[in-house]
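What follows is a short report on a single structure.
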């Protein structure tokens with residue numbers, strides 16, 4: 001499914017995931033992990049990538065052998081989440097002002113996270 | 001708002017988060033908690049026993065609550081986190097910062113707080 005970032009919001013993207021989970025009979029636990037990883041990655045696109053000029057997000061979900069795979073493609077400037085570390089994570093919680101947990105949680109809950117830039121498009125494949 | 005329920009108004013203040021705490025509702029929950037905490041000088045227990053899901057946006061709400069109580073010299077505790085919610089709190093290091101209550105019921109935990 002292709003989402004136009006000007007016409008759709010994160011809520012539409014999350015509804016896509018929730019529908020997939022229901023329709024494909026994904027277990028509750030795996031469904032919640034899928035939603036978490038997807039929310040963190042997609043919110044980065046809807047907030048940061050969109051601000052930098054991204055116009056679309058394509059999402060493809062697949063469920064087989066007890067695992068879910070997410071394929072995401074979005075335009076805008078290059079951003080490789082596999083190589084990004086939020087410096088706020090270096091601060092102890094007591095001193096942290098903002099968040100910084102998004103991509104950290106993705107890396108904790110995803111079994112595989114791969115990034116590739118093809119032309120003007122960022123491509124992510126995640127397995128959970 | 002179904003996401004936030006006050007279970008006990010004082011000594012300690014107990015607030016339950018219900019359903020999901022994510023990017024879609026975190027700002028609303030944050031605002032609601034600011035209102036609730038502005039009217040309380042007590043320790044806070046966050047009852048997460050009915051919370052099915054939390055994302056990084058939700059963690060920011062928990063952090064705000066804890067810092068709010070800390071500024072008053074009060075404590076924040078978490079009760080009932082389960083499944084993916086508990087796992088998120090664990091890997092994000094929240095239990096090094098917020099006490100995890102282990103009593104079998106919320107009432108038992110309140111008794112133990114003395």
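Structural remarks
- Inspection of the range B:31-40 identifies at least one residue that is in a loop (DSSP other than H, G, I, E, B), more than 14 Å from chain A (Cβ to nearest Cβ), buried (at least 17 other Cβ atoms within 10 Å of the Cβ) and without any contact (Cβ under 8 Å) to a residue 60 or more places away in the chain.
- Here residue A:15 fulfils each of the conditions (1) away from every other protein chain (no Cβ under 13 Å); (2) over 11 Å from the mean Cα position of the chain (by Cα) apart from (1).
- In the range A:93-113 there is no residue matching the filter, namely being modelled with pLDDT under 95, under 19 Å from residue B:55 (Cβ atoms), in a helix (DSSP H, G or I) and away from chain B (no Cβ under 11 Å).
- The range B:42-56 residues that are within 17 Å of residue B:103 (Cα to Cα) and within 11 Å of chain A (Cβ to nearest Cβ), paired with ones that are in a loop (DSSP other than H, G, I, E, B) and modelled with pLDDT of 95 or more (beta carbon under 8 Å, 6 or more apart): none
- Filtered by the rule that a residue be farther than 16 Å from residue A:64 by Cβ and either more than 10 Å from chain B (Cβ to nearest Cβ) or in a strand (DSSP E or B) (or both), the range A:19-37 gives A:19, A:22.
- The set of residues in the range B:1-23 that are within 14 Å of another protein chain (Cβ to nearest Cβ) and surrounded by fewer than 17 Cβ atoms within 10 Å (Cβ to Cβ) contains only B:19.
- Here is the figure for the range B:15-41: residues that are out of contact with any helix residue (DSSP H, G or I) (no Cβ under 7 Å at 6 or more places or on another chain) and over 20 Å from residue B:55 (Cβ atoms) total 6.
- Boolean, residue A:62 is surrounded by fewer than 18 Cβ atoms within 10 Å (Cβ to Cβ), more than 10 Å from every other protein chain (Cβ to nearest Cβ) and not in a helix (DSSP H, G or I): yes
- Residues (more than 10 Å from every other protein chain (Cβ to nearest Cβ) and touching a helix residue (DSSP H, G or I) at 6+ places or on another chain (Cβ under 7 Å)) located in the range A:45-59: A:54, A:57, A:59
- Pair list, Cβ < 7 Å and 6+ apart or interchain, from the range B:79-108 residues that are at the interface with chain A (Cβ under 8 Å from one of its Cβ atoms) to residues that are outside any helix (DSSP H, G or I) and at pLDDT below 95: B:92/A:101
- Scanning the range B:74-107 for residues that are assigned to a loop (DSSP other than H, G, I, E, B) and surrounded by 18 or more Cβ atoms within 10 Å (Cβ to Cβ) yields a total of 5.
- Checked against (1) out of contact with any helix residue (DSSP H, G or I) (no Cβ under 8 Å at 6 or more places or on another chain); (2) assigned to a helix (DSSP H, G or I), residue B:10 meets all criteria but (2).
The values are calculated or read from the model by the stated rules, or taken from the named source; none is laboratory data. What you are looking at is a predicted structure, and each value in this text was computed from that prediction instead of being measured. Reconstructed Cβ throughout: ideal geometry from the backbone, glycine too, with neighbour counts over all protein chains shown.
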